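Novice: One structure is given below, represented as structure tokens, and several questions about it will come after.
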Amino acid sequence: MRRTAVCFGIVLLGVLVFFAWTLVSGPVDVSLRDLALAVFSPDEAEPFHTKILWELRFPRAVAAVLAGIALSVSGLCLQTVFRNPLCGPYVLGISSGASLGVAVALLAGFGFGALGVLGAASVGAILVTQIILVLASRFRNSSVLLVAGLLVGYFVNALVNVLVSGADAESLQVYVSWGLGSFGRLTLGAVPGFAIAVLVGLALVVCSMRYLNAIHMGDDFARGLGVRVGLSRICVLLGSSVLAGAATAYCGPVAFIGIAVPHLAFMLFRTTNHRVLLPGASLCGALLALVAGLSPVSVPLNAVLSIIGVPVILYVLLRGNRNGRGL
Amino acid sequence: MILEASRLQFGYAGVQNAFAAEFDFGLEAGEVVALMGENGCGKSTLLKVFAGLLPPLAGKVEICGKDVYDRKDGWNLLELSRKVSLVRMGVQPPDRMTVREFVGLGRTPYSGILDGRSAEDERIIDDAMALLDVTRFARRPVAELSDGERTRVYLAEAVAQQVDVMLLDEPNAFLDIPRSHALFRTLRELAASRKMGVVVSTHSIEYAEKYADRIMVVNGGLVRVAPAGSARAEGLLDWACIG
């Protein structure tokens, strides 16, 4: 119990520190004092600083936090539902489904940050999740499921490539730069939309807490504990799709967080109880995303995430294994 | 009568392919019934029908006076999970799940939408672990336990569920002789102290005769029940080729 509280405290502190760090770091030097002025008494502050804070840095920090939460919760839920430690929104092709939605929305003329893009990405993610769900009910073997998920991902990505190849040079450029993934593209006006989408996804997942904790042992076992398995599974997968879709719509396809952060949370909090794991993974995801988001704009986000994240995760897994706890 | 089956037929592929002809059966509170029969005779299927996880082909099963499979007029799923528990040894917990977390799952039917555990729940979990003598390894992962320890942990989970009817599917399949004796003694004590009805499927005639009140046999398309003392004399165990 105390260990859990200490872990929560440390990770939360990390999130706060790096959130503040994101606000003060950037090409223009803005001191903490100027930032405080811009927040608490906008009349006295330099208009230039206020503009930088609210239009560039605040949305970027929020994007990192929301995307970190969304992707890690989505990954955790998928790993639990499919009972496979290798699952994640990217591995199962759900992020690709969201990308397809985004591509279609862009070609239809929506701008980035528009609710149309968010909706299209969510629909794309949900569609792929449906396909995965049908496949999962056919194949009890979960490695078949992973192969199928990868194949669906390839197929959908190919569709996206065919779609954007017909686009004009300008939208193609926008799409390609979006495809590298970044937290810097979120505008202040799009923050509420992103936040609401994440809250909806989280609500769907949190309402199925009993399912998430009982499903470890299989459908019949969960049913024997009074859990309405079919309904809850739909809720959780819908929530996971909305979360992955929202993160992809606003930040591009981000691969690493969804699969890795749940393991980090397992190792830190040493529990299978989702009452602890969901908030734990959320905080870890937000922290990792904030750290990665501090890298220079020119470096692709996915590259940074993997370079920081893979050594951390490998270290954690190896250390965990020494105590006899592997994947 | 705590569990009552009337004109029951069970199986998967229609009444004409049922495992046995229709039968009636009543389980009293505090009673232990051993369910026996050859491999593939339908013991596990019958337990699933008793637990409300599988629809009967014909007839009905009632626990405490309400149907176990009819969700409209009988128990709803949540109420049912406070009445009956089916304990199966085959299910594998994830590597990281500790004994205490696993026993705590037994309180799921009583937890709210956020799956919290009250102080009362924690006390019941502690009691269940103490009763089955698993408190010593509360913090160890279930997956690392020996078969005997794991069987007790699974029982503790069902005890924490505070059900009226406990159904067990071959709990002594992986146990050695002393641990099997201990298991059946525990089942008897549980049935008596908690006023539970227990149906336990097993292949061991020795334990069934020694510890069960009655023996139920699925064989040759019939389900027959007799007191444990007279089952052999009444020919219920002939299929096992004794002597």
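The values are calculated or read from the model by the stated rules, or taken from the named source; none is laboratory data. The model shown is predicted, which means the values in this text are computed figures rather than measured ones. All Cβ positions, even for glycine, are placed from backbone atoms using ideal geometry, and neighbour counts span all protein chains on display. The protein model used for the area step is the full one, side chains on, heavy atoms only, and it has no ligands, DNA or RNA in it. Shrake-Rupley method; radii C 1.70, N 1.55, O 1.52, S 1.80 Å.
Novice: Suppose only helical runs count, i.e. DSSP H with n ≥ 4. What mean residue ellipticity at 222 nm does that imply for the protein assembly as shown under -39500 (n - 2.57) per run, divided by all residues and rounded to the nearest 500 deg cm²/dmol? Kindly include the intermediate steps, with their values, before the conclusion.
Specialist: Numbers: 22 runs with 312 residues, N = 570.
It lands at -17500 deg cm²/dmol.
Novice: Take the alpha carbon atoms of the range B:177-243, find their center, do the same for the range A:206-246, and report the distance between the two centers in whole angstrom.
Specialist: 38
Novice: Related question: Please find the FRET efficiency linking B:A13 to A:S177, where r is the Cβ-Cβ separation and R0 is fixed at 51 Å, and quote it to the nearest 0.05.
Specialist: On the way: r = 58 Å, r/R0 = 1.14.
Efficiency computed from Cβ-Cβ geometry: 0.30.
Novice: Rounded, prolate or oblate: which fits chain A, taking a ≥ b ≥ c as square roots of the Cα gyration tensor eigenvalues, rounded meaning a/c under 1.5, else prolate when a/b beats b/c? Mind dumping the intermediate values first?
Specialist: Details: a/c = 1.84, a/b = 1.24, b/c = 1.48.
It is oblate, given that a/c is not under 1.5 and a/b is not larger than b/c.
Novice: Can you list the HN-Hα couplings for the range A:38-51, worked out from phi with the Karplus curve (6.51, -1.76, 1.60; θ = phi - 60°), rounded to whole Hz and with x for Gly and Pro?
Specialist: Each residue of the range A:38-51 in turn: 4, 7, 8, 9, x, 5, 7, 6, 5, x, 4, 5, 4, 5 Hz.
Novice: Where does the charge balance sit around B:A160 when Lys and Arg score +1, Asp and Glu -1, over other residues with C-beta under 11 Å from its C-beta?
Specialist: Numbers: positive: B:R100, B:R107, B:R117, B:R123; negative: B:D121, B:E122, B:D126, B:D127, B:E157.
After counting each charged neighbour, the total is -1.
Novice: Sticking with this one: Under a 10 Å cutoff between Cα atoms, tell me which one of B:D24, B:D67, B:D95 has the largest fluctuation in the Gaussian network model of chain B.
Specialist: The residue that fluctuates most here is B:D95.
Novice: Can you find, among B:M89, B:A5, B:M129, the residue sitting farthest towards the positive end of the charge dipole of chain B, where Lys and Arg contribute +1 and Asp and Glu -1 at Cβ?
Specialist: Toward the positive end, the furthest listed residue is B:M129.
Novice: If the label point is 7 Å along Cα→Cβ of A:V316, which residues in the range A:236-256 have backbone nitrogen under 17 Å from it?
Specialist: Answer for the range A:236-256: A:255-256.
Novice: Turning to a different aspect of this structure: Hey, got the dipole for the range A:62-322? About the Cα centre, +1 on K and R Cβ, -1 on D and E Cβ, debye to the nearest 20?
Specialist: Numbers: 12 positive and 4 negative charges, 184 e Å.
I would put it at about 880 debye.
Novice: Output the antiparallel fraction of DSSP beta bridges having both residues in the protein assembly as shown, as a percent to the nearest 5. Present the calculation step by step, with values, prior to reporting the outcome.
Specialist: On the way: 18 of 36 bridges.
Close to 50 percent.
Novice: Here's a follow-up. Rounded to the nearest 20 Debye, what is the dipole magnitude of the range B:57-166 about its Cα centre when Lys and Arg each give +1 and Asp and Glu each give -1 at the C-beta?
Specialist: Working: 17 positive and 19 negative charges, 27 e Å.
Computed about the Cα centre, the dipole is about 120 debye.
Novice: Next up: Can you give the relative contact order of the range B:1-82 as a percent, counting alpha carbon pairs under 8 Å and 6+ residues apart? Spell out each step's value before the answer.
Specialist: Numbers: 130 pairs, mean separation 28.2, N = 82.
Relative contact order for the range B:1-82 comes out at 34 percent.
Novice: Right, here's the next one. Using a Gaussian network model of chain A with C-alpha springs under 10 Å, which one of A:G179, A:G285, A:G252 is most mobile by mean-square fluctuation?
Specialist: For chain A, modelled as a Gaussian network with Cα springs under 10 Å, the answer is A:G179.
Novice: Quick one: Cα centre-to-centre distance for the range A:143-165 and the range A:22-56, in angstrom?
Specialist: 43
Novice: Still on this structure: Tell me which of A:A63, A:V104, A:A265 sits at the most positive position along the dipole axis of chain A, charges placed on C-beta atoms (Lys, Arg +1; Asp, Glu -1).
Specialist: Selected residue: A:A265.
Novice: Continuing with this model, one more query. Where in the range B:1-47 are there chymotrypsin sites (Phe, Trp or Tyr not before Pro) that are in a DSSP coil and have at most 11 other Cβ atoms within 10 angstrom of their Cβ?
Specialist: Numbers: sites: B:F10, B:Y12, B:F19, B:F23, B:F25; in loops: B:F10, B:Y12, B:F19.
Loop-located and lightly packed - B:Y12.
Novice: Ok, one more. Helix B:177-194 versus the longest principal axis of chain B: what is the Cα-based angle in degrees, 0 to 90, to the nearest 10?
Specialist: Around 80 degrees separate the two axes.
Novice: Taking Cα centroids, how far is the range A:67-115 from the range B:37-116 in Å?
Specialist: Taking the Cα centre of the range B:37-116 as reference, the centre of the range A:67-115 is 35 Å away.
Novice: Calculate the FRET efficiency for B:F174 and A:C207 from the Cβ-Cβ distance with a Förster distance of 41 Å, rounded to the nearest 0.05.
Specialist: On the way: r = 38 Å, r/R0 = 0.92.
FRET efficiency, B:F174 to A:C207: 0.60.
Novice: How much length is gained if the chain between A:L86 and A:A20 is pulled fully straight, taking 0.36 nm per residue apart and subtracting their Cα-Cα distance, in nm to one decimal?
Specialist: Numbers: separation 66, 0.36 × 66 = 23.76 nm, distance 3.29 nm.
Gain in length upon complete extension: 20.5 nm.
Novice: Just need the relative contact order of chain B here, percent rounded to a whole number, with Cα pairs under 8 Å and 6+ apart.
Specialist: Values: 464 pairs, mean separation 64.9, N = 243.
Reported relative contact order: 27 percent.
Novice: State whether the range B:90-162 is rounded, prolate or oblate according to the following rule on the C-alpha gyration tensor (a ≥ b ≥ c being the square roots of its eigenvalues): a/c under 1.5 gives rounded; otherwise a/b larger than b/c gives prolate, and the remaining case gives oblate.
Specialist: Numbers: a/c = 1.89, a/b = 1.45, b/c = 1.30.
Because a/c hits 1.5 or more and a/b exceeds b/c, the range B:90-162 counts as prolate.
Novice: Kindly identify the range A:1-156 as rounded, prolate or oblate by the Cα gyration tensor criterion: order the square roots of the eigenvalues as a ≥ b ≥ c, call it rounded if a/c is under 1.5, otherwise compare a/b with b/c, prolate if a/b is larger, else oblate. Don't jump to the answer; show the numbers that get you there.
Specialist: Details: a/c = 3.88, a/b = 1.66, b/c = 2.34.
Because a/c hits 1.5 or more and a/b fails to exceed b/c, the range A:1-156 counts as oblate.
Novice: Among the chymotrypsin sites (Phe, Trp or Tyr not before Pro) within the range B:152-243, which fall in a DSSP loop and have no more than 16 other Cβ atoms within 10 Å of their own Cβ?
Specialist: Details: sites: B:Y154, B:F174, B:F184, B:Y207, B:Y211, B:W239; in loops: B:F174.
Here the sparse-neighbourhood loop sites are B:F174.
Novice: Could you give the angle, 0 to 90 degrees to the nearest 10, between helix B:147-160's Cα long axis and the longest principal axis of the Cα atoms of chain B?
Specialist: 80
Novice: Toward the positive end of the charge dipole of the range B:90-162, about the Cα centre and with charges on Cβ (Lys, Arg +1; Asp, Glu -1), which of B:L155, B:A138, B:S111 goes farthest?
Specialist: Comparing the listed Cα positions along the dipole, B:A138 ranks first.
Novice: Sticking with this structure for a sec: After finding the eigenvalues of the alpha carbon gyration tensor for the protein assembly as shown, what semi-axes result from the square roots of 5 times each, listed largest first in whole Å?
Specialist: Working: eigenvalues 596, 128, 73 Å².
Its equivalent ellipsoid spans semi-axes of 55, 25, 19 Å.
Novice: Leaving out ligands, DNA and RNA, and with a 1.4 Å probe, what % of the accessible surface on the protein assembly as shown is carbon or sulfur?
Specialist: On the way: 15040 of 24470 Å².
The C+S portion of the solvent-accessible surface of the protein assembly as shown is 61 percent.
Novice: So for the pair B:E28, B:A233, with labels modelled 7 Å out along Cα→Cβ, what separation do we get in nm?
Specialist: 1.9
Novice: Next question. What FRET efficiency do you get for A:S165 and B:E120 if R0 is 60 Å and r is their Cβ-Cβ distance, rounded to the nearest 0.05? Before the final figure, lay out the partial values.
Specialist: Numbers: r = 63 Å, r/R0 = 1.05.
After rounding, the FRET efficiency stands at 0.40.
Novice: Please compute the average number of Cβ atoms from other chains found within 10 Å of each residue's Cβ in peptide B:111-120.
Specialist: On the way: counts 7, 2, 5, 6, 12, 3, 2, 0, 0, 0.
Taking all residues of B:111-120 together, the mean is 4.
Novice: If I build a Gaussian network model for chain A, linking alpha-carbon pairs within less than 10 angstrom, which residue out of A:G184, A:G26, A:G166 has the largest mean-square fluctuation?
Specialist: Sorting by GNM fluctuation, first place goes to A:G166.
Novice: Considering only the other residues whose Cβ falls under 15 Å of the Cβ of B:Y12, what net charge follows from Lys and Arg at +1 and Asp and Glu at -1? It would help to have the intermediate numbers written out before the result.
Specialist: On the way: positive: B:K43, B:K48; negative: A:D220.
Every neighbour counted, the sum reads +1.
Novice: Please report, to two decimal places, log10 I(q)/I(0) for the range B:50-209 at q = 0.18 Å⁻¹ as given by the Debye formula with identical point scatterers on the Cα atoms and no solvent.
Specialist: Taking Cα atoms of the range B:50-209 as identical point scatterers yields -1.18.
Novice: Placing +1 at every Lys and Arg Cβ and -1 at every Asp and Glu Cβ, with all other atoms neutral, what dipole size does the protein assembly as shown have around its Cα centre, in debye to the nearest 20?
Specialist: My answer is approximately 640 debye.
Novice: For the range A:62-322, calculate the relative contact order in percent as a whole number, restricting contacts to Cα pairs under 8 Å that are 6 or more residues apart.
Specialist: On the way: 424 pairs, mean separation 89.3, N = 261.
34 percent.
Novice: Something else now. Could you work out, residue by residue across A:221-232, how many beta carbons of other chains sit within 10 Å of that residue's beta carbon, and then give the average as an integer? Each step should come with its number before you reach the end.
Specialist: Details: counts 9, 3, 7, 18, 14, 14, 6, 4, 1, 0, 0, 0.
Across A:221-232, the average partner-chain Cβ count within 10 Å equals 6.
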